[in-house]
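Comments concern the structure below.
What follows draws every value from the coordinates through simple rules; no lab data is involved. Just so it is clear, the model here is predicted, and its values are computed rather than measured. Every residue, glycine as well, gets a Cβ built from its backbone with ideal geometry; the counts of neighbours run over all protein chains shown.
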Amino acid sequence: MAAASSLAALLAIAWGVARSPYLALALGAGASVVLLAWAYPERLERLALVSVGLLLAGYCFLGKGLAYLPAPPIFVSEIVLALGLAAVVLSGAVMPVLRLPLSWLIIAFAVDGTLRTIPYLDTYGVNALRDAVIWGYGAYAIIVCALVFRLGCLSRVIRAYGRLVPWLLLGLPVIFVTQNLAQALLPKVLGLVRQVTIPYLKPVDVAVHLAGAAVFLILGLNRREKRLRGFAAGPKEWFLWLAWLVGILVAVSINRGGLVAVIAALAVTFSMRPFGRWGKPLVLGVALVGALVVANLRFDIGARRSVSLNQVTANMTSLFRITGEPSLDGTRAWRLHWWSVIYNYTVHGPYFWTGKGFGVNLADDDGFTLSADHALRSPHNSHMTVLARSGIPGMFLWLLLQAGFAFSMLRAYFRARGLGLDDWAHINLWILAYWTAFMVGASFDVYLEGPQAGIWCWSLIGFGMAAVAAMEQELKSRASGQDLVRGKTDVRLHGR
């Protein structure tokens, strides 16, 4: 049987070589995955989960620049996606996930997206698939949930993120500033429309990930494990918070969406944990603001905006009224006009049921083209993208899915807190606040339409689903008398 399978795989690869080197590479990779799954099913699961983790870490630091590696039309996101799907399907890990109601909302949203994509494949080709990733990457939620729950490695994932936090706080501001000041010196990769640098971080990328790292520290999740306490004690933690404040100042000076995303994540955390570990960031924040006011510091990054307290204030003011600054007022009016056009042709127009589908360039079709290369395809609001492309049915499924996820995390948080399970409560709140930052950031930018944010957001949703399922499993174990120690963490949280 093994010999016959190997022979069939070799013949398929040989046929692929004759047709296309990319096809041969894909067939070879697929054959390797199938053989690995057949011989070592658990190793394939671990390989897939590690691959997703490395991909997410790469997107944190390299942003959109990583998305186009190794080379079109083979992209790293799709390689990891195929590996993950093979792992959960061939191992059977997907079956427990299908018992979760949120999984069926994800599937329903994907089915609706598929119906809005297939009719446009002949007309728009790869652009239809390119636009469809906003629902297609939902598979990452299923993959992450299935693998984390199956392997029982929730705690290991949290420890891995905890080790990443210092690098996020120290590295993201440096990478972002370097990217903007030394673009000509950075390596470039060919994207679908234009060349992009490596790294290519958007301000909202930096702000959202710094928001997630801040909530992680505020909730004390970095102190859950002894091996993580080294960077969280004494002067080191003060230094990390100072790095965080500097990074936030840089990101939110450039992008108001990032500013609102950070505020939203911290507001969710503060509303649930007002007496958390807020002392250090508050003291340093007041000191930093005072120093900026006294020194009136201003640092130009690129040609558009500067890093300064005045710029942050102007960004915040522009959310509510006209500021007199063309760079802020112009983009605000442009966004609001485009969103109103989308609202009118869907809610009150001919695209109520179907939307315009996945494939059409919305900027061109709606009359909001910005550049000659037509790089902009969607409005600066991922939620409006769903409305424009999927109509009211797709928008309803999208809102139901996100509301369902938020409700499940809130319910798990209050249930854990009521039972005195502080670890679970903090994990659920961290996931909820991080997700909030993604949702708010997606309201101001072409955000979830790209892999660097879309895969992250969907993976976070999958991780939240796994956390809720693992907590429910622990509570059932307690109810059956297998674990009667109050506050003790479930064995699946720590892994096998």
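Here are some notes:
- Most tightly packed first, judged by the mean number of other beta-carbon atoms within 10 Å of their residues, the peptides 418-425, 387-394 read 387-394, 418-425.
- Exposure proxy shown here: for 352, 61, the number of other Cβ atoms within 10 Å sets the order, fewest to most, as 352, 61.
- For the stretch 118-129, Karplus couplings with θ = phi - 60° (6.51, -1.76, 1.60), whole Hz, Gly/Pro x: 3, x, 10, 5, 5, 7, 10, x, 5, 5, 5, 5
- The stretch 260-275 and the stretch 330-361 have Cα centres separated by 31 Å.
- Alpha carbon centroid spacing (whole Å) that separates the stretch 73-138 from the stretch 409-456: 22 Å
- Highest mean packing comes first when the peptides 463-469, 260-266, 274-280 are listed by Cβ atoms within 10 Å, giving 463-469, 260-266, 274-280.
- Judged by the mean number of other Cβ atoms found within 10 Å, the most tightly packed of the peptides 63-70, 167-174, 400-407, 440-447 leads the ranking 440-447, 63-70, 167-174, 400-407.
- Around the amide H of residue 63, modelled in the peptide plane, lie the amide H atoms of 200, all under 5 Å away and 5 or more residues distant in sequence or on another chain.
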